[in-house]
Amino acid sequence: MSNVLPQSEKKAARRRMFAHFLLIGSIAFGAGACVAILSIVPAFLSVKIARAALDASQRDHAQGSVSEDQSAAVRAQGLITALQPIANASSSPTEALSLALAQKPAGLSITAITYTGGAKGTLALTGTADRREAVSAFRDGLEKTGRFSKVEVPVAAILGTQEGKFTITLSGI
């Protein structure tokens, strides 16, 4: 079969096909660009948000470092005030304290130590234990040393009803 279209019609048909091809190509390219932009927007927004949060954090940190220093100074002053009786005590509780801490079993942590001076000084050890048997073992170890005239532990701490919290009072330091 031969092409029966005249030459002018063939050129017009080719131009229409080329225009059609350009139109479809442009639409496809535009759609691809839209998809690319839509896929980049969330990443761009997350970077912007993270940068804004970082800037705010740095501003807060600059302001917060002063308040952190102040709180550290207040805490240090509180520790100095709390430890002043130990430093000024006529009978040094450091031996008793080191002996008591040497008896501490594993699974038990001391969170606070309170010393009361006087003729018969007392030492209160406050802390937490993983299990109640550790508190019992600590009490037994302190009694066996013979250094303390009285070792007092609340019954609730031995029974384990205080969620592992305990206070042991040592008298006769």
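The values are calculated or read from the model by the stated rules, or taken from the named source; none is laboratory data. None of these values were measured; they are calculated from a predicted model. Cβ sites come from the backbone with ideal geometry, for glycine too, and all protein chains shown count toward neighbours.
Restricting to region 128-155, and then to whatever is in a helix (DSSP H, G or I) and among the polar types (S, T, N, Q), can you tell me which residue is surrounded by the most Cβ atoms within 10 Å (Cβ to Cβ)? This residue is Ser136. Counting only residues that are farther than 20 Å from Ala106 by Cα and in contact with a strand residue (DSSP E or B) (Cβ under 9 Å, 6 or more places away or on another chain), region 135-151 holds 4 of them. Pull up region 117-133, narrow it to residues that are among the aliphatic types (A, V, I, L, M) and over 27 Å from the mean Cα position of the chain (by Cα), then point me to the one that is modelled with the lowest pLDDT. Within region 117-133, the match that is modelled with the lowest pLDDT is Ala119. Gly172 fulfils the conditions (1) modelled with pLDDT of 80 or more; (2) buried (at least 18 other Cβ atoms within 10 Å of the Cβ) except for a single criterion, (2).
Please go through (1) surrounded by fewer than 19 Cβ atoms within 10 Å (Cβ to Cβ); (2) under 22 Å from Ile80 (Cα atoms) for Ile158 and return the number of the only condition it doesn't satisfy. Failing condition for Ile158: (2).
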